């Protein structure tokens, strides 16, 4: 990435300006009515859509991803900004609750007039991802949800696409300025050290991150070790195991094999939801089918660091005595690499969970043969927290126990679908027990992601005109209000 | 507390049994329908109410609190258990969301059928408080909300009331057994080391705590430094400043003085919501009124450790050159201590925020004279995170900026009421920015406390009969469902 060297890290003086202006912008940005913030998110989305012909080529150059993929990703990104606008106009995200005073409250003491609403946290530092240069980057999901919640965003650009990050930032800055938003609502930071400094600054009140387990854990630790710890929402890594039942394998083994290859090689395997492990019955024709399928041609990975990391993990996996090559192109370790399918047994996987269940970011997956379908529960139990877990089954399968375990291990459980592709919707859940995410109770995709960047405040005994609008009896914002426990 | 020595810390072998049985109970407890768990919470509440004549005297003996106070607290505690039952029967806490598949979803890619619901985390360790031997102890708010959410609870008893803790635990255990609940749904642990070990055990998935800043921070750090970090909800400490405006002081200074004395000496000042600082206009007659009021008689504090901590902090506060005694009984440092009111100026408070804004647990408060009402904003800004902040004002006050700052600093902002007394309601918020709590986005009192012990899980593409009941189209639990973004 020769272009990277052209971008200088943010200096301490520049960072101070960004932090001070984020802090200054926090109160006016928080004070805007939700619908006004929605209009601003729309304006940013419109500006990004309009710059599509500038942004997509820049992204192609810096990430090696295809035009079709990046065009789709930009569309997803602007859709996401507008969807959070819809959330703001709806107002249910405020969870407005009104308890009227009640002298006979059965607790044994009178109930005061209490009203509770969600308010913004303050400036949020967002660490962008490498693999989604739009959707999990400068104007991605963390930014959109933190903004929607009413917080300024300080965006730490990913070193993999600095030119695109700067171009996106300029479009955002211009779009915000055009509608009169204070400059500090958005700031861009370059460089690992500046990002870490920002996360530890007392003016910053939360962090968001998408990336590797070591990187995310280091930042999570920083956020928690501050004198004032702050919430840190890191989406780190996942193996995304897929469990094929006996019946499904017997019924449509070839089809499953083809779908699996499509899923694990999609985007050269550079998705956090790539299915990394496929459990198949020993002797099923899935293994034969997989061997017979011609794997896709080599595709260049995002950048050299990803390429180096990929070959390192692939070499480590392949070197296991218990692991053999199931299918592989001619240049598995080259740049660009041919995809690889490895093969092992359930017993071996259970003997080496740490190494064989680690995420391999790139076009490799591990096929694991099991003996008895009843073993699947113990195999599922052996995994750490996951973003997704998938069952390929049919109506006759006895999978209740497997579902119970997988719902405990993963944030999203799929049935006869593949985990790659994370739809931005109301019911999406992208996040799971550690190390899938550092915050088990949250999602980084979908409308519920806004909750991460809010905190509840109760007002007791206030006159109507001093209450936030969402808590006033007249309900001028027309938001859903729970009154005396009734919605 | 001679009785403490009679209770032996939980041994490693005993703890292992408790942890294993909590883990074993997790799935069946989680699988119960919410209304069935509600019935069980009711049964526990009934059993505790029925044991009132055993429990209250035990609590009096171990905590020095009055019969009236403890009788009220037990009533509050059983009310709280039943209120969480109401939350379970309502079902909105599940936040059930259903997105139907949509081939024309405007994101640019088809939307799959996605359904998201909150599920339990797994075994929760709860650390009981000293100052509420019922409401924040064995069967208190953390236990009630963690249970309601569907998690087994391992309760680390507070060393200040071990006899009451064991008696309460026995009543719970019998009540649960009588309705056929697996034993591991509740376990009692004695001793600091056993509590810390439990919190770090991989089978434990969350922690709750009410107590001091150093103790809570140490446990928070442990929870975050685990290989698998877990959510830790600590309610630590608060100064609860009260800001009296010029107009209010002029209008009803004597009344404010009397109410303030009632609030800061209530329960011998041993509430986390005790108003620790009162800002009054320089020269207002509030100071004279306070000097004239006879402070309440000495009351014995909870235990010797609290007494020692109290006198230490009081001595440190009093020794400041800038701090004088405003009013004090004859034995401020004795056991039991006479209440104390100290006096200083706004300038001095701003010069020594760390020492003068620290929580003093016991019957002492600091009165601070300010010069200009406009100084209140900067004074408010100087505080760390608080559980509560209060404005005593009237209709003519210009307090918009003060409210903005206080809503940023505190979880609950009060108007012309006093912070002691935390009603258990739908809209209550007991929690604020650090160090008030370790988790700024949550509450430990009120129905919203259940959210702390839940995590979202999405099911993609599942047939109806394999979905959790709350997500089925037929909605057999009759819970609120958001369908395609519409509630």
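Since every read-out is calculated from the coordinates, none of them should be taken as a lab result. Computed from a predicted model, the values in this text were never measured in an experiment. Glycine also receives a Cβ, built like all others from the backbone with ideal geometry; neighbour counts cover every protein chain displayed.
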Between copies, how close do the residue B:294 label points come, placed 7 Å along Cα→Cβ, listed in nm from shortest?
10.1
Cα-based Rg and Dmax for chain B, in Å, come out at 24.2, 79
Could you state the number of Å between the C-alpha centres of segment B:279-303 and segment A:255-327?
73
Can you give the Kirkwood hydrodynamic radius for segment B:168-230, in Å, rounded to one decimal and based on Cα pairs?
13.3
Along Cα-to-Cβ, 7 Å out, sits the label point; list in nm, shortest first, how far the one on residue A:196 is from those in the other copies.
2.8
Please give the Cα centre distance for segment B:180-220 versus segment B:11-85, rounded to the nearest Å.
16
What is the projected area of the convex hull of the Cα atoms of segment B:267-310, averaged over all directions, in nm²?
4.1
Give the Debye-formula value of log10 I(q)/I(0) at each listed q (0.12, 0.17, 0.20, 0.22 Å⁻¹), with one equal scatterer per alpha carbon of segment B:376-472, two decimals each.
-0.53, -0.80, -0.99, -1.12
Degrees separating the helix B:246-265 axis from the principal Cα axis of chain B, which is the longest one:
70
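Where the eigenvalues come from the Cα gyration tensor of segment B:2-59, what are the semi-axes √(5λ) of the equivalent ellipsoid, largest first, in whole Å? Spell out each step's value before the answer.
Values: eigenvalues 147, 113, 4 Å².
The answer is 27, 24, 5 Å, longest axis first.
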Subtracting the Cα-Cα distance of residue B:218 and residue B:484 from 0.36 nm times their residue separation yields 91.4 nm
Nearest-0.05 FRET efficiency for residue B:170 and residue B:226 at R0 = 35 Å, using Cβ-Cβ distance, is 0.65
Which angle between 0 and 90 degrees, to the nearest 10, do you get for helix A:52-63 versus the longest principal axis of chain A when only C-alpha atoms count?
50
Where q = 0.08 Å⁻¹, what log10 of I(q)/I(0) comes from the Debye formula for the protein assembly as shown, counting one point per Cα?
-0.78
Give me the distance in nm between label points sitting 7 Å out from Cα along the Cα-to-Cβ direction at residue B:333 and residue A:7, one decimal.
6.2
Hey, for residue A:179 with labels 7 Å out along Cα-Cβ, what do the inter-copy distances come to in nm, ordered shortest first?
5.0
With no solvent and one equal point scatterer per Cα, compute the Debye intensity ratio I(q)/I(0) for segment B:185-315 at 0.17, 0.18, 0.22 Å⁻¹ and report its log10, rounded to two decimals.
-0.96, -1.02, -1.28
Shape call, segment A:1-99: gyration tensor on alpha carbons, a/c limit 1.5:
oblate
Spin-label point model (7 Å from Cα, Cβ direction): what's the residue B:254 to residue A:53 distance in nm?
8.1
Report the calculated FRET efficiency for residue A:320 and residue B:192 (r = Cβ-Cβ distance, R0 = 51 Å), to the nearest 0.05.
0.70
With all pairs of different alpha carbon atoms counted, what Kirkwood hydrodynamic radius in Å does segment A:209-255 show?
13.6
Suppose the chain between residue A:372 and residue A:69 were pulled fully straight at 0.36 nm per residue; how much longer would it get relative to their current alpha carbon spacing?
105.1 nm
List the extent of the Cα atoms of segment A:242-415 along each of their three principal axes, largest first, rounded to whole Å.
44, 31, 29
Could you tell me whether segment B:288-358 comes out rounded, prolate or oblate from its Cα gyration tensor? Rule is a ≥ b ≥ c as square roots of the eigenvalues, rounded for a/c under 1.5, then prolate if a/b exceeds b/c, otherwise oblate.
oblate
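When DSSP beta bridges are limited to those with both residues in chain B, what percentage is antiparallel, rounded to the nearest 5?
Details: 17 of 57 bridges.
Just about 30 percent of them are antiparallel.
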In A, who owns the beta-carbon nearest the axis carrying A over to B, and how many Å from it?
A:224, 2
Quick one: grab the alpha carbon gyration tensor of segment A:99-158, order the square roots of its eigenvalues as a ≥ b ≥ c, and give me rounded if a/c is under 1.5, else prolate or oblate depending on whether a/b is larger than b/c.
prolate
Pairs of alpha carbons in segment B:58-199 whose separation is greater than 21 Å (percent):
52
Given the DSSP H assignment, sum -39500 (n - 2.57) over each helix run of at least 4 residues in chain B and divide by its residue total; what's the result at 222 nm in deg cm²/dmol, nearest 500?
-12500 deg cm²/dmol
Using the beta-carbon distance between residue B:404 and residue B:285 and R0 = 41 Å, what value does 1/(1 + (r/R0)^6) give for FRET efficiency, to the nearest 0.05?
0.90
